[in-house]
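Each value in this text was obtained by applying a stated rule to the coordinates, not by laboratory testing. Quick caveat, the model's predicted, so the values are computed rather than measured. Cβ placement follows ideal geometry from the backbone for every residue including glycine, while neighbour counts extend to all protein chains displayed.
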Amino acid sequence: MTSPGKFFITTAIDYTNAAPHIGHAYEKVLADTLARYHRLKGDPTYYLTGVDQHGTKVKQAAEKEGIAPREFADRVTAKFLSLWETLGISRDGWASTTDLRHIRAVQSILQSLYDKGELYKARHEGFYSVRQEQFLTEKERGPDGNFGPEWGEVVRIEEENWYFKLASHRDWLLGFLQSHGDFVTPAFRRSELVNAVEKIGGDLCISRPKERLSWGIEIPFDPGFVTYVWFDALINYISFAGYPACGDGSLPDFATLWPCDAHVIGKDILVPAHGIYWPIMLHAMGFADDQMPRLLVHGWWNIGGAKMSKSLGNSVDPAVLADKYGPDALRYYLLRDIATGQDADFSEERLRIRYNSELANDTGNLLNRTLNMAARYRGGKLRRLPASDPAGATLDESACRVAGEYVAAMDAFQPQAALESVAHLVSEANGYVETSAPWKLAKDPAASDRLDAVLYRLAETLRLVGVLLLPALPRAAEGLFGQLCWTPPADMVLHDLVKSVLPDGHTLGAPVPLFPRIEMQEIIP
Ligand code: MSP
């Protein structure tokens, strides 16, 4: 499915009915790191993210504040954009569903599905969840016969709407899932999806009457209705990738980009939206099986094992954390303390511990002592000598092994494991400083070459650490390179950067604390 040398990644577009929280930040940082990794590998990469601005929830939130939905959505959108700026999210495209190009794409897709006979109008009476914006069926009732609190306010309504013939594609989807084991990562989510597909009972209601909801995209062949928010939002993945071509050259070339290598989404929106509606929508539009995207499903950040939510008052504001600890500390924690696909518990204390131990104490210390020793013993100047001691050769081997582990982990969408390997390399390098004891070598004229070899080895290891940290911590990696007085050549890709490159006679810079320790007493009142 993946075209060689191309990487197209998207994240779920965030609802603009509330402010961004730590779950949103995690998803963007994860995708950004994967995108940066692929750029570093030399793959042409496109990272698309954005905001989901229509729907009942946005309308209700705006009404509460007494402002128009557009004004409300614009205000929340600005908060997301500012956070992505702070966190260094390197998006190539921005999908906002009120963008005219998207509206036109949704309408043209609706029209062509209508022309193909995939849509029909019908009257339906039933229970409707205002929070989830969907009609409920008997399946959704709890054991006590009531609809659970997850559905929020449930009202009985009877209305005429447009339906998409979802159920008629059920067998195709089952067959597709059978023959395309890589559609969903991690693989353990597949059985959950297959079970849900087997239970598809009816078609999908894709409209809302305008008298009930006007904040949406008008159905082109029936102006009394707007498009259901999920049907509108899912289309962002192709509309902002240039489908159908908008003609003004402002969007990418669809044929080059598509299919998407990873739609990065949380586990809550796999079923039914991304795992059922989306592939069936694409199939009905005429996309072939080898033109289906792949889903990368991440887990959730919880608090004390419980769901994070504004109403529970336990929601964590990423902008506050980035301000308090710095964007790098937050990025590192969000990547390092959760395995992609699994859930994790958010803890500010763990953020401080991870940062202090692996970045401040280990990486920062390695950089600081290497530059200090090079300055003191050699005026900062390196001699390119091969490791002449067994410990140096072992460190070289570890560096080589870690680079391989790192690539394997990143290719498997697991930055946590990749960063763990880097942390091991740093602690091995710190161990090498202890065993080779440059301060002793400096006193022995016969050990002069050995001292040069040790210092070169340490500087090269640090350079490699910087390269491997680049996707996760772009700013810190640049700072590290600055202190090594080294600029990665623009045309060099990961493959070249993991080999020794510092030339004989290269002069290192002066140490500046790269990861200042977070002092616990300054933070905890
Ligand atoms: N607007 C829809 C997505 C439409 S995509 C065509 C939506 N928005 S959301 O704002 O509710 O969620 C955006 C993303 O954040 C989703 O992938 C969701 O899973 C993720 N997260 C929301 N809370 C989360 C956590 N607590 N932890 C990790 N990710 C979570 O769904």
Could you order peptides 98-107, 175-184, 468-477 by the average number of other Cβ atoms within 10 Å of their residues, highest first?
468-477, 98-107, 175-184
Roughly how big is region 174-281's charge dipole about its Cα centre, with Cβ charges of +1 (Lys, Arg) and -1 (Asp, Glu), in debye to the nearest 20?
320
Calculate, in whole percent, how much of the Cα-Cα pair population of region 412-506 lies beyond 18 Å.
53
Given R₀ = 30 Å, what would the calculated FRET efficiency be for Ser500 paired with Asn372, taking r from the Cβ atoms and rounding to 0.05?
0.85
Separation in nanometres of the label points that stand 7 Å from Cα toward Cβ, at Asp343 and Asp289:
3.5
Measuring from the lowest to the highest alpha carbon on each principal axis, how far does the chain reach, largest first, in angstroms?
93, 52, 44
Ellipticity estimate at 222 nm from DSSP helix runs (n ≥ 4, -39,500 (n - 2.57)) divided over the chain, nearest 500
-13500 deg cm²/dmol
Sort Thr461, Thr507 so that the residue with the fewest other Cβ atoms within 10 Å of its own Cβ comes first and the one with the most comes last.
Thr507, Thr461
Between 0 and 90°, nearest 10: helix 448-469 axis offset from the chain longest Cα axis
10
So what J values fall out for region 44-61 if you push phi through Karplus, 6.51 cos²θ - 1.76 cosθ + 1.60 with θ = phi - 60°, rounded to Hz, Gly and Pro as x?
x, 10, 9, 10, 10, 9, x, 10, 9, 9, 9, x, 4, 5, 5, 4, 5, 5
Please give the contour-minus-distance gain from Ala510 to Ser311: 0.36 nm per residue of separation, less the Cα-Cα distance, rounded to one decimal in nm.
66.7 nm
Given Ser398, Asn314, Phe346, which one lies farthest toward the positive end of the charge dipole of region 291-398, if we put +1 on the Cβ of every Lys and Arg and -1 on the Cβ of every Asp and Glu?
Ser398
When a/c is below 1.5 the answer is rounded, else prolate if a/b is larger than b/c, else oblate, so apply that to region 45-194 with a ≥ b ≥ c taken from the square roots of the Cα gyration tensor eigenvalues.
rounded
Checked region 150-219 against the a/c 1.5 cut and the a/b vs b/c comparison, axes a ≥ b ≥ c from its Cα gyration tensor; verdict prolate
Antiparallel content of DSSP bridges confined to region 1-146, in %, to 5:
25
Under unit Cβ charges (Lys, Arg +1; Asp, Glu -1), what dipole magnitude, rounded to 20 debye, does region 1-70 have relative to its Cα centre?
160
Filter on Lys79/Lys307; Lys41/Lys79; Lys57/Lys210; Lys57/Lys121 - keep pairs with C-alpha separation over 20 Å
Lys79/Lys307; Lys41/Lys79; Lys57/Lys121
What full-extension length gain, to one decimal in nm, is calculated for Met520 and Arg131 as 0.36 nm per residue of separation minus the Cα-Cα distance?
136.0 nm
Given +1 on the Cβ of Lys and Arg, -1 on the Cβ of Asp and Glu, and no further charges, what dipole in debye does the chain carry about its Cα centre, rounded to the nearest 20?
960
In whole Å, how far is the Cα centre of region 477-521 from that of region 1-72?
31
Taking the Cα centre of region 351-499 as the origin and placing charges on Cβ (Lys, Arg +1; Asp, Glu -1), which of Gly482, Ala417, Met373 is farthest toward the positive end of the dipole?
Met373
Leading residue at positive end of dipole, region 167-258 (Cβ point charges), from Ala233, Ser191, Leu177:
Ser191
Taking amide H atoms as placed 1.01 Å from N in the peptide plane, list the residues 5 or more away in sequence, or in a different chain, whose amide H sits under 5 Å from that of Glu218.
Thr227
For region 41-126, shape from the Cα gyration tensor axes a ≥ b ≥ c, cut at a/c of 1.5 then a/b versus b/c, turns out oblate
